[in-house]
Amino acid sequence: MTTFPCDLATVCLAIVFLPLVGAVLAGLLGRMIGDKASQAVTCALVLLSALLSAFAAAWVVEDKIELTQPLLTWIHSGTLLIDWGIQIDTLTVVMFATVTAVSAMVHLYSIGYMAHEQGKSRFMAYLSLFTFFMLMLVCAPNLLQMFFGWEGVGLMSYLLINFWYERPSANDASMKAFLVNRVGDFGFLLGILGCFVVFGSIDFRVIFAQAPEVASSSWIFLGHSFPVTTSLCLLLFMGAMGKSAQLGLHTWLPDAMEGPTPVSALIHAATMVTAGVFMVARMSPLFEYAPGALAFVTIIGALTCVFAAVIGLTQFDIKRVIAYSTMSQLGYMFFAAGVSAYSASIFHLMTHAFFKSLLFLGAGSVIHVLSGEQDMRKMGALWRVAPVTYSLMLVGALALAGIGIDGLFGFAGFYSKDLVLNAALANGTRLGFFAYALGIMVAFMTAFYTWRLLFLTFHGAARESAEVRERMHESSWVMLAPLFPLALGAVVVGAYAYDWFGPERASFWGHAIFVRDAHDSMDAAEHVGVFFKALPMIMAVLGILLAFFFYIAKPSLPGAVSAAFGRWYRLVYRKFYIDELYAILFIKPARFFGEVLWKKGDDQIIDGFGPDGFSALSLRLAKRVSALQTGYIYHYAFAMILGVAAFVSWFFWGGTP
């Protein structure tokens, strides 16, 4: 059994369980210790977890540690043996550092953002418990423990989206997120069961060791033969599609903006939605032997990338624009994984966590400045009122657009996005070029809708109402201070970590990520031509210039363009009517079927002939019997005479006394 040094074991376990301790203290003792103490203890413990994560990451990377430590036996049933343990390698500590860093800043930000809300202890407990489940997910040594964390973050997402439970829109959004994720999770669970059937275990080491032998196997289903590894990977990826809001199972993510803004920053920018990307990277030794599944991942990622970006061009809710941007960037990560550029995928995951959480928290600051307003059409000229928020969001926008000059300087998104696109092009396949072409288009659209957001919000004419304008002021430093570390990450983390994820990735990742020699598009990505390396930056600059022309130079032009495109514009603005289509295909039939079962089956048949029927019969009999109780003596005397007559008659007709 492989073990690792006790000190490192203690550090890693502390990273995972410190947020759980904070959640328990704030959740169970919140009323006793008060809101301020709950905020203090949860923030302190998550900050400590973040510091320990940085220490553990440096230790693991420096010493190239790859270890798995069982802690206790969880399930032992027949041939199924599952240990509860912790797996530590480079992939784990990269996720540890990313998740805890963003979570710590979100915890601190929440102190200011939720200052006037009720239930602060409950909110902080939810945030910390979510962090615990996410950390448990990324350090899992087997699929079932990963599924435990997977379902845990889904549950906490439901609770956090529905934090303002008195709002019907929050109720609907949380239920939608929960149900859509269950669709994906059903496939994920089938994939786990399939892995046990095929490999006899759901432990990663066993699965990965047997993957080359199983690669040529197939099984029969409904009279057709299917490759085993491809089938398993597609089922697992179905879970990733739900959790990471990929095309088809994406409808929950924009509606999830009904939750408080810190929830959007933590769950829907940096952690939960990236769980699917992490899972594909963790399962790379299996996916590498499933070319059909990798092709499907590439197609879904590329289509999601452009689909979400197109919708983001037309939205006016500031948080929804950023939400569709998140969905689009997740598409980048997936098609990178689909061309076996897992390192580029995780690199973009990490950089995206910093600049996207920065943008979400900056949007929260804007909403705070405007007393809850989220419609960008009712904003404008805010850079004078909120210059610090504007400066920080500008940094996030530059990073998201991927602004930089190769060899000189670039924001975080410049390095990771270019690495993703170069790897897709260098893949040398039609699918790789397909993903690259769509990715280049999305680079243009990303820059356009990002600067559209900035120009509508911070520049141009002031469109706020007079009542709102009187109350406008910059957000407090309690809210602004956590944005500075995120802005720093959005500026430097790309350049600092580029060598690890790019040229030196083999020594950096070790065995945490596996790529077959025939699939190594990352090596070829370093030799892409200068023009192709510069093309994403060119498209980003063109997108910014077009946004400036539309919203600053000619502010009447967007209205004219939308009117000219008419129904096509409405199609995009209404998100291609996918929600309405799902309502027709699934929601209305399910509701009709449910009402039939409820009113006809349950009320009329089961209850009618069961509990309600028996109770009604008893009531009728009781009323009939009670009618005999008149209270008149002559009625009772008459009944007695009838009884005696009946008894005598029975005796004379053959009865025995």
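The values are calculated or read from the model by the stated rules, or taken from the named source; none is laboratory data. Bear in mind the structure is a predicted one, so any value in this text is a computation, not a measurement. With ideal geometry, Cβ positions are generated from the backbone for all residues, glycine too; neighbour counts draw on all protein chains shown. Side chains included, ligands, DNA and RNA excluded: accessible areas come from the protein's heavy atoms. Shrake-Rupley method; radii C 1.70, N 1.55, O 1.52, S 1.80 Å.
Taking only C-alpha pairs under 8 Å that are 6+ residues apart, what is the relative contact order of the chain in percent?
Values: 1070 pairs, mean separation 78.8, N = 657.
Value for the chain: 12 percent.
What is the percent carbon and sulfur in the accessible area of the chain, measuring with a 1.4 Å probe over the protein chains and ignoring ligands?
Carbon with sulfur: 69 percent of the solvent-accessible area.
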Solvent-accessible ranking of K588, K378, largest area first, probe 1.4 Å: K588, K378
Residue-normalised accessible area of segment 207-324, given per residue in Å² at a 1.4 Å probe: 24 Å²
extent check for segment 185-299: Cα max minus min per principal axis, descending, whole Å, gives 48, 31, 22
Using 10 Å bins from zero, what percent of all Cα-Cα pairs in the chain falls into each bin? 3, 15, 24, 24, 15, 7, 3, 3, 3, 2, 1, 0, 0
Accessible area per residue, 1.4 Å probe, Å², for segment 605-645: what's the number? 88 Å²
Residues of segment 401-500: accessible area per residue at 1.4 Å, in Å²? 41 Å²
Calculate, in nm to one decimal, what A466 and H224 gain on full extension: separation in residues at 0.36 nm each, minus their alpha carbon distance. 80.3 nm
Relative frequency of Cα-Cα separations exceeding 23 Å in segment 296-401, percent: 32 percent
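From the P(r) of segment 451-560, can you give the percent of Cα pairs sitting at distances over 18 Å?
Here the long-distance tail beyond 18 Å is 74 percent of all Cα pairs in segment 451-560.
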Which aspartates and glutamates have a Cα less than 18 Å from the Cα of K623, not counting those fewer than 8 places away in the same chain? D612
At L581 and I605, where each label point lies 7 Å from the Cα along Cα→Cβ, what is the point-to-point distance in nanometres? 3.4 nm
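Quick check: residue separation of A639 and V388 times 0.36 nm, minus the Cα distance between them. What number comes out in nm?
Full extension from A639 to V388 adds 80.8 nm.
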Whichever lysines have a C-alpha closer than 22 Å to that of K575, once near sequence neighbours (fewer than 8 apart) are set aside: K176, K243, K319, K356, K378, K588
Could you let me know the centre-to-centre spacing of segment 369-424 and segment 123-170, using Cα atoms, in angstrom? 28 Å
FRET efficiency, A58 to V21 (Cβ-Cβ, R0 35 Å, nearest 0.05): 0.90
On the full set of protein chains, 1.4 Å probe, figure out the accessible area of V648 and give it in Å² to the nearest 10. 60 Å²
Relative contact order (%) - segment 309-432, alpha-carbon pairs under 8 angstrom, separation at least six: 29 percent
Nitroxide proxy distance, nm - points 7 Å out along Cα→Cβ at H473 and F532: 5.5 nm
